[in-house]
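Student: Quick one: the structure is below, questions incoming.
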Amino acid sequence: MAIWLVADSAAAEIAIVLNSGEGTVSVVDMGARKERSRIPIGKEPHHLMATPDDKHLIVANAVSNNLVFLDPATGQVVKRIEKISDPYQIGYSPDRKYFVSASLRLNQTDIYEAETFNLLKRIPTPKAPSHIAFNAASSLTFITLQHTDQVAAIDLATQQIRWTIKVGPVPAGIWMTPDDRHLLVGLTGADGVEVIDWRKPAVVARIITGKGAHNFLAMGDKRHVLVTNRVENSVAIVDQQSLKVVEKFPVPGGPDCMELTRDGRELWVTSRWKRQLTVVDMASKKIVAQIPVGRSPHGVYFRGHAPRQ
């Protein structure tokens, strides 16, 4: 497929999609519901996140061993930081002191100083450290270990593993509830979400959401969270107070990462196996658009998103 440049004059809101299977970023015109450009970015871009000041969007290129900073308004590359070892999933601690990178391929978790990206500690975390969460105090980061069916807690001050706990098969996405009480863990090898009281630590419940529970996104009301069920081809809405599913609706093609518009009207979901971005009307729970993008679309972001809790 041809690659073309982003028009500097364009004012429409864009969605940025990582095509992890081909090493590109799709820039999608949200109003026209059409891919505007496709830009080479690096090898295996899987996840992305905004910087704390929201000025840049960071793309983690796992196999290229670097971070690429994009202008979130245009999708254009601003700068690169090299020698970030296998950044599969990334995250800033809530106090913005630490930057954490889970290296799935290399079985390690790296703790960096957030301002300078100087490496503080490389921590062996076998096998397949995948997704990241933090407690509100920024004292702990939690990492899912996909190949050993565990969650590890790492003390950020000492950069030592404080505990590990056994969970269900193939833990992937991990999410801290807004009350800082429970961790929710998507079990991609099962049919739901494990609930962990991280202070004990202990598994205290399992929420049946659907086969291949994988990733999370807040709905912005500090109560409900969305869960993609990649095998079942559905998205569930979980009440984080009752720890129950309140609604579920179909999304095709192996739904993975999500972004919700600020007004809550539309959910944009990467359909990992369909080379498309699926748009769901949240009032009717019906699909209103399917936008072709690159191979194995994974992370998705746009500036006009709902609050992160």
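Student: Kindly indicate whether R275 is in contact with a Gly (Cβ under 9 Å, 6 or more places away or on another chain), in contact (Cβ under 8 Å) with a residue 12 or more places away in the chain and on the phi > 0 side of the Ramachandran plot. Walk me through it before giving the result.
Tutor: On the way: in contact with a Gly (Cβ under 9 Å, 6 or more places away or on another chain): yes; in contact (Cβ under 8 Å) with a residue 12 or more places away in the chain: yes; on the phi > 0 side of the Ramachandran plot: yes.
Yes.
Student: Please go through (1) under 27 Å from A153 (Cβ atoms); (2) touching a residue at least 24 places away in the same chain (Cβ under 8 Å) for N66 and return the number of the only condition it doesn't satisfy.
Tutor: Every listed condition holds for N66 apart from (1).
Student: Shifting gears a bit: Given the conditions (1) free of Cβ contacts under 8 Å to residues at least 12 places away in the same chain; (2) under 21 Å from V238 (Cα atoms), which single one is not true for T116?
Tutor: (2)
Student: May I pose another question? When you scan the stretch 282-293, do you find a residue that is in a strand (DSSP E or B), modelled with pLDDT of 95 or more and under 18 Å from G21 (Cα atoms), even just one? Please lay out each step first, then the result.
Tutor: The first filter runs over the stretch 282-293 and keeps only residues in a strand (DSSP E or B), leaving 286-292.
The next check asks that each one be modelled with pLDDT of 95 or more; those that pass are 286-292.
Imposing the further condition that a residue be under 18 Å from G21 (Cα atoms) reduces the set to 291-292.
Yes; the residues of the stretch 282-293 include at least one that is in a strand (DSSP E or B), modelled with pLDDT of 95 or more and under 18 Å from G21 (Cα atoms).
Student: Looking at the stretch 128-146, which of the residues that are among the β-branched types (V, I, T) and under 11 Å from I161 (Cβ atoms) is surrounded by the most Cβ atoms within 10 Å (Cβ to Cβ)?
Tutor: Narrowing the stretch 128-146 to residues among the β-branched types (V, I, T): 132, 141, 143-144.
Going one step further and asking which of them are under 11 Å from I161 (Cβ atoms), we end up with 141, 143.
Values: T141: 24, I143: 26.
It comes out as I143.
Student: Residue check, M49 against (1) among the aliphatic types (A, V, I, L, M); (2) crowded, with 22+ Cβ neighbours inside 10 Å; (3) within 20 Å of P129 (Cα to Cα), all met but one. Which one?
Tutor: If we test M49 against (1) among the aliphatic types (A, V, I, L, M); (2) crowded, with 22+ Cβ neighbours inside 10 Å; (3) within 20 Å of P129 (Cα to Cα), just (2) comes out false.
Student: Can I ask one more? Filter the stretch 151-165 for residues that are in contact with a Lys or Arg (Cβ under 7 Å, 6 or more places away or on another chain), in a strand (DSSP E or B) and surrounded by fewer than 19 Cβ atoms within 10 Å (Cβ to Cβ) and give the result.
Tutor: Scanning the stretch 151-165 gives a single hit, D155.
Student: I've got another one for you. Can you list residue pairs whose Cβ atoms sit under 8 Å apart, with the first residue in the stretch 69-80 being farther than 16 Å from M49 by Cβ and the second being modelled with pLDDT under 95 and among the small types (G, A, S)? Count only pairs 6 or more apart in sequence or on different chains.
Tutor: Matching pairs, first to second residue: T74/A10.
Student: When only residues in the stretch 227-245 that are in a loop (DSSP other than H, G, I, E, B) and of a type in the set (D, E, K, R) count, which is nearest to W268 (Cα to Cα)?
Tutor: Residues of the stretch 227-245 in a loop (DSSP other than H, G, I, E, B): 230-233, 240-243.
With the extra rule that they be of a type in the set (D, E, K, R), the set shrinks to 230, 232.
Values: R230: 15, E232: 18 Å.
Looking at residues that are in a loop (DSSP other than H, G, I, E, B) and of a type in the set (D, E, K, R), I get R230.
Student: Looking only at residues that are β-branched (V, I, T), in a strand (DSSP E or B) and out of contact with any Cys (no Cβ under 6 Å at 6 or more places or on another chain) in the stretch 250-281, which one is surrounded by the fewest Cβ atoms within 10 Å (Cβ to Cβ)? So that I can check it myself, show each step before the final result.
Tutor: Kept after step one, since they are β-branched (V, I, T), are these residues of the stretch 250-281: 251, 261, 269-270, 278-280.
Restricting the remaining residues to those that are in a strand (DSSP E or B) gives 261, 269-270, 278-280.
Going one step further and asking which of them are out of contact with any Cys (no Cβ under 6 Å at 6 or more places or on another chain), we end up with 261, 269, 278-280.
On the way: T261: 19, V269: 28, T278: 23, V279: 21, V280: 23.
Out of the qualifying residues, it is T261.
Student: Determine if the stretch 173-186 includes at least one residue that is within 19 Å of the chain's Cα centre (by Cα), in a loop (DSSP other than H, G, I, E, B) and within 19 Å of N107 (Cα to Cα).
Tutor: No, because not a single residue in the stretch 173-186 is within 19 Å of the chain's Cα centre (by Cα), in a loop (DSSP other than H, G, I, E, B) and within 19 Å of N107 (Cα to Cα).
Student: Within the stretch 294-307, which residues are of a type in the set (A, V, I, L, M, F, W, C) and more than 9 Å from L18 (Cα to Cα)?
Tutor: F302, A306
Student: Is there a residue being closer than 21 Å to Q89 by Cβ, assigned to a loop (DSSP other than H, G, I, E, B) and not hydroxyl-bearing (S, T, Y) anywhere in the stretch 214-226? Spell out the reasoning first.
Tutor: Quick first cut of the stretch 214-226, residues closer than 21 Å to Q89 by Cβ only: 214-218, 225-226.
The next check asks that each one be assigned to a loop (DSSP other than H, G, I, E, B); those that pass are none.
No; the residues of the stretch 214-226 include none that is closer than 21 Å to Q89 by Cβ, assigned to a loop (DSSP other than H, G, I, E, B) and not hydroxyl-bearing (S, T, Y).
Student: Could you look through the stretch 189-206, keep only residues that are in a strand (DSSP E or B) and crowded, with 21+ Cβ neighbours inside 10 Å, and pick out the one that is nearest to the chain's Cα centre (by Cα)?
Tutor: To start, the set of residues in the stretch 189-206 that are in a strand (DSSP E or B) comprises 192-197, 202-206.
Applying the additional criterion that residues be crowded, with 21+ Cβ neighbours inside 10 Å yields 192-196.
Numbers: G192: 17, V193: 16, E194: 18, V195: 18, I196: 19 Å.
Among those residues, the one meeting the criterion is V193.
Student: If you don't mind, there's one more thing I want to ask. I'd like to check something: does the stretch 51-61 contain any residue that is under 14 Å from G23 (Cβ atoms), more than 15 Å from the chain's Cα centre (by Cα) and not charged (D, E, K, R)?
Tutor: Taking the stretch 51-61 and keeping what is under 14 Å from G23 (Cβ atoms), we get 59-61.
The next check asks that each one be more than 15 Å from the chain's Cα centre (by Cα); those that pass are none.
No, the conditions are met nowhere in the stretch 51-61.
Student: Report, by residue number, each residue of the stretch 20-38 that is assigned to a loop (DSSP other than H, G, I, E, B) and over 18 Å from E82 (Cα atoms). Spell out how you get there, then give the answer.
Tutor: Filtering the stretch 20-38 down to residues assigned to a loop (DSSP other than H, G, I, E, B) leaves 20-23, 30-33.
S20, G21, E22, M30, G31, A32, R33 - these are the residues of the stretch 20-38 that are assigned to a loop (DSSP other than H, G, I, E, B) and over 18 Å from E82 (Cα atoms).
Residue-by-condition table, conditions (1) touching a strand residue (DSSP E or B) at 6+ places or on another chain (Cβ under 7 Å); (2) within 16 Å of P52 (Cβ to Cβ); (3) among the β-branched types (V, I, T):
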| site | (1), (2), (3) |
| --- | --- |
| Y92 | yes, yes, no |
| D95 | no, yes, no |
| S103 | yes, no, no |
| H131 | yes, no, no |
| A157 | no, no, no |
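The values are calculated or read from the model by the stated rules, or taken from the named source; none is laboratory data. Owing to the predicted nature of the structure, the values given are computational and were not obtained by experimental measurement. Using ideal geometry, Cβ is built from the backbone for each residue, glycine included, and neighbour counts are taken over all protein chains shown.
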